[in-house]
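Participant: This is the structure I want to talk about, given as structure tokens.
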Amino acid sequence: MIVTPRLFVSACLLSAATFAVAACGGSSKPADAADAGGADSGGAGGGPSGIHPNRVVGYIPTWRSLVPSAYDLASLTHLNIAFANPTADGGSDFDEPVRPQILPLVQAAQAEGVLVLASIAGGSDAGGGAVAAQIVPELRDAYIASLLGLVERYGLDGIDVDIEGEYVNADYEPFVKELRAALPTGKLLTAAVSIKNGDSFSDAALAEYDFINVMAYDYCSWTDEACDQAGLEKTQDDLAYWTETRSLPTDKTVLGVPFYGWCWGCADKQTAMTYASILAQYPQAETEDWIEDGAITISLNSRATIATKTEWGRDYGGIMIWELGQDASGTDSLMSVVAAGQD
């Protein structure tokens with residue numbers, strides 16, 4: 001797919017080389033994080049406590065450029081590289097030819113004080129199904145051991161669990177609990193979650209995470225008629241579900257925003273478009289979330305809406321971005337809006 005929004009492949013993360021930063025593996029913490037008491041370094045399973053002020057979590061999929069200079073790493077607090085999934089031949093999506101490109105990115109991010117994680121699963125049946133097949137009781141221990149090896153091998157700061165849809169099943173909670181217990185002290189465990197199947201996530205599983213990334217987008221998918229895919233009102237309802245109905249602490253609830261939009265009329269039914277491509281064709285996307293051009297209708301989050309959501313994120317656990325490779329460049333970028341909102 002050309003842009004691959006989270007509907008198909010959701011979040012991201014990756015790893016660092018064991019020689020990247022510290023011998024124990026893991027990046028240096030930003031000064032404000034250290035002052036806050038060991039920011040975002042663990043939770044229910046024995047990791048360090050503390051809340052990272054103003055989290056900015058960015059996903060980068062391995063099919064995008066992995067050149068560090070392509071991204072504003074300094075404006076991030078967390079980088080999730082997607083996806084570190086098992087492959088049919090017994091390997092990993094982090095294997096060649098991707099692996100040599102991952103290491104410099106991890107090193108560059110950690111040099112900026114960014115915490116780097118590897119994201120697993122994703123919204124596709126291929127990614128989600130591959131991980132779901134490994135977390136069944138008879139294979140779970142071996143799979144967790146492979147993830148621990150990934151963390152050690154790349155010097156990662158943790159694992160991001162992006163299991164979605166039907167794959168959030170009876171095996172999910174035991175897997176999350178066992179993974180948390182197995183992760184070394186100081187390593188993060190986070191998750192990407194969707195309100196679409198919110199009731200599938202047990203309270204016990206959610207309690208194991210240091211924080212969750214709320215995928216507050218794709219509210220309508222594969223519909224014949226155009227609809228609002230990430231509007232402000234729906235986003236408020238989404239946040240209320242996780243913090244009120246599910247009683248998650250606000251400071252552990254990170255608001256996810258899309259750096260892409262959906263187009264009706266661009267193809268047979270519904271087509272994903274990066275923000276960069278939308279803005280290039282429709283300059284009004286800077287301020288408008290709804291664009292109509294003849295038979296074409298596009299629903300997106302404009303710079304103005306991203307600014308509002310970034311402000312909201314400061315009252316919660318921060319802001320999450322799917323995904324950085326979809327952004328426009330320079331002063332037209334959505335990332336520049338997010339960065340400005342942290343001042």
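Participant: Show 343, 199, 251 ordered by accessible area, largest first, where the area counts protein heavy atoms only and the probe is 1.4 Å.
Facilitator: 343, 199, 251
Participant: Further, regarding this structure: Can you work out the PRE-style zone for residue 234? Point 7 Å along Cα to Cβ, and I want the residues of the range 283-319 with backbone N under 16 Å.
Facilitator: 289-291, 297-302, 305-306, 309, by backbone N distance to the label point.
Participant: Something else: Measure off 7 Å from each Cα along the Cα-to-Cβ vector at residue 125 and residue 111, then give the distance between these two points in nanometres to one decimal.
Facilitator: 4.3 nm
Participant: While we're on this one: Measure out, as a whole number of angstrom, how far apart the alpha-carbon centroids of the range 81-116 and the range 296-343 sit.
Facilitator: 25 Å
Participant: When you take every Cα atom in the range 248-343, what is the radius of gyration, and what is Dmax, the widest Cα pair distance, in Å?
Facilitator: Rg then Dmax for the range 248-343, in Å: 13.9, 45.
Participant: Moving on to the next point. Ordered by packing density, taken as the mean number of other Cβ atoms within 10 Å over each peptide's residues, highest first, how do 135-147, 183-195 rank?
Facilitator: 183-195, 135-147
Participant: If you don't mind, another one. Based on a Kirkwood Rh over C-alpha pairs, give the Stokes-Einstein translational diffusion coefficient of the range 61-206 at 25 °C and viscosity 0.890 mPa s in µm²/s.
Facilitator: 157 µm²/s
Participant: Would you pull out the residues with amide H under 5 Å of residue 156's amide H, same chain only if 5 or more places away, H placed 1.01 Å from N?
Facilitator: For residue 156, the qualifying residues are 16.
Participant: Follow-up. Got a sec? What order do 177, 309, 196 fall in by accessible area at 1.4 Å, biggest, i.e. largest, first?
Facilitator: 196, 177, 309
Participant: For the range 97-104, what does the Karplus curve 6.51 cos²θ - 1.76 cosθ + 1.60, with θ = phi - 60°, yield as ³J(HN,Hα) per residue in whole Hz, taken in order and with x for Gly and Pro?
Facilitator: x, 6, 3, x, 7, 5, 4, x
Participant: Right, here's the next one. Mean separation of Cα pairs under 8 Å and 6+ residues apart, divided by the residue count of the range 177-284: what relative contact order is that in percent?
Facilitator: Value for the range 177-284: 23 percent.
Participant: Something else now. Counting Lys and Arg as +1 and Asp and Glu as -1, what is the net charge of the other residues whose Cβ lies under 13 Å from the Cβ of residue 89?
Facilitator: -3
Participant: Give me D for the range 158-305 in µm² s⁻¹, whole number, from Stokes-Einstein with Rh from the Kirkwood sum over alpha-carbon pairs, 10 °C and 1.306 mPa s.
Facilitator: 94 µm²/s
Participant: What is the sum of charges around residue 204, taking Lys and Arg as +1, Asp and Glu as -1, for the other residues whose C-beta is under 14 Å from the C-beta of residue 204?
Facilitator: Neighbour charge sum, excluding residue 204 itself: -3.
Participant: Let me ask you something else. Taking H as built 1.01 Å from N, whose amide H comes closer than 5 Å to the amide H of residue 319, not counting residues under 5 places away?
Facilitator: 55, 56, 57, 255
Participant: Rank these residues by their accessible area, most exposed first, probe 1.4 Å: 154, 167.
Facilitator: Reading off the accessible areas and sorting them downward yields 167, 154.
Participant: How much length is gained on full extension from residue 67 to residue 290, taking 0.36 nm per residue of separation minus their Cα-Cα distance?
Facilitator: The span from residue 67 to residue 290 would gain 77.0 nm if fully extended.
Participant: Would you mind checking which residues have amide H under 5 Å from residue 248's amide H? H placed 1.01 Å from N; only 5 or more apart, or other chain.
Facilitator: HN-HN under 5 Å from residue 248: 243.
Participant: Can you give me the relative contact order of the range 298-343 as a percent, contacts being Cα pairs under 8 Å and 6 or more apart?
Facilitator: It comes to 45 percent, rounded to a whole number.
Participant: Let me ask you something else. Quick check: pseudo-label points 7 Å beyond the Cα along Cα→Cβ at residue 146 and residue 87, how many nm apart are they?
Facilitator: 1.2 nm
Participant: Provide the per-residue ³J(HN,Hα) series for the range 56-67, in order, calculated from phi with Karplus coefficients 6.51, -1.76, 1.60 and θ = phi - 60°, each as a whole number of Hz, with x at glycine and proline positions.
Facilitator: Going residue by residue, I get 10, 9, x, 9, 10, x, 6, 7, 8, 4, 10, 6 Hz, with x marking Gly and Pro.
Participant: Can you work out the Karplus-derived ³J(HN,Hα) for every residue in the range 288-298? Use 6.51 cos²θ - 1.76 cosθ + 1.60 with θ = phi - 60°, whole Hz, and x for glycine or proline.
Facilitator: Result, rounded to whole Hz: 10, 9, 9, 10, 10, 9, x, 7, 9, 10, 10.
Participant: Just tell me which lysines come within less than 22 Å, Cα to Cα, of residue 187; anything on the same chain fewer than 8 places away is out.
Facilitator: 29, 177, 252
Participant: Students often forget the sequence filter, so: which lysines lie under 24 Å Cα-Cα from residue 269 once same-chain residues fewer than 8 apart are removed?
Facilitator: 196, 234
Participant: Quote the accessible area belonging to residue 152 in square angstrom, nearest 10, computed with a 1.4 Å probe and with ligands, DNA and RNA left uncounted.
Facilitator: For residue 152, the solvent-accessible surface is approximately 140 Å².
The values are calculated or read from the model by the stated rules, or taken from the named source; none is laboratory data. For clarity, every value in this text was computed on a predicted model and none was experimentally measured. Heads up, the Cβs are rebuilt from the backbone with ideal geometry, glycines too, and the neighbour counts pull from every protein chain shown. When the accessible area is computed, the model is the full protein with side chains, heavy atoms only, and any ligands, DNA or RNA have been set aside. Shrake-Rupley method; radii C 1.70, N 1.55, O 1.52, S 1.80 Å.
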